[in-house]
1. Hey, what do the phi angles of segment 19-24 turn into as Karplus ³J(HN,Hα) couplings, whole Hz, using 6.51/-1.76/1.60 and θ = phi - 60°, x for Gly and Pro?
2. Sorted by mean Cβ packing within 10 Å, highest first, what order do the peptides 11-21, 82-92, 42-52, 65-75 take?
3. Around Arg79, which amide H atoms from residues at least 5 apart in sequence, or from another chain, sit under 5 Å from its own amide H, with H modelled in the peptide plane?
4. Using just the helices of the chain, give the 222 nm mean residue ellipticity in deg cm²/dmol: DSSP H runs with n ≥ 4 each add -39,500 (n - 2.57), and the total is spread over all residues, rounded to 500.
5. Note the full-extension length gain between Thr82 and Lys109 as 0.36 nm times their separation in residues minus their Cα-Cα distance, in nm to one decimal.
6. Once you treat every alpha carbon in segment 5-100 as an equal point and sum by Debye, what is log10 I(q)/I(0) at q = 0.12, 0.18 Å⁻¹?
7. Mind checking the dipole of the chain: about its Cα centre, +1 per Lys or Arg Cβ, -1 per Asp or Glu Cβ, Debye to the nearest 20?
8. Of the options Ala40, Gly93, Gly112, report the single residue whose Cα projects farthest towards the positive end of the charge dipole of the chain (beta-carbon charges: Lys, Arg +1; Asp, Glu -1).
Amino acid sequence: MLKSKVVLVPFPFDDLSSDKVRPAVCLTDAIGLHSHVVLAFVSSRSPDESLETDLSMDWRDPDFPATGLRVSSTLRLHRLVTVSTTLIRRELGTLPAVMQARVNERLRKLFGL
């Protein structure tokens, strides 16, 4: 089961010129014959202007260690990619239930569900 896992994966640059291995959150379990998963980008940089699709993950939060992240980060739910599970380098941790509920709420807003 991959949904809610924090993983390391090669994430493409905006211009698709290259990619960089970085953390991402699995928004789905593996889908279909080729085992694709939808991922959301995680950044250790706080955005200059936070969007309603951003979810801050603060290292001082008592649930933060479960994520496996080393520093406070921002989950950018408008930065999505679908990849084969074979590209996942490793699992870092899991989003705690409280954070997952916030993700679900923001995704509903993002997609108008």
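Please treat every number below as a calculation from the coordinates, not as lab data. Here the structure is a predicted model, which means the values were calculated and not measured. When we count neighbours, we look across all protein chains shown, and the Cβ atoms used for this are built from the backbone with ideal geometry, even at glycine.
1. With coefficients 6.51, -1.76 and 1.60, one gets 9, 9, 6, 8, x, 8 Hz.
2. My ranking of the peptides, most packed first, is 65-75, 82-92, 42-52, 11-21.
3. Close amide H contacts, sequence-distant or interchain: Phe41.
4. -4500 deg cm²/dmol
5. In short, 7.7 nm is gained.
6. With no solvent term, the Cα-only Debye profile gives -0.36, -0.81.
7. Charge dipole of the chain: 260 debye, to the nearest 20.
8. Value computed over the given set: Gly93.
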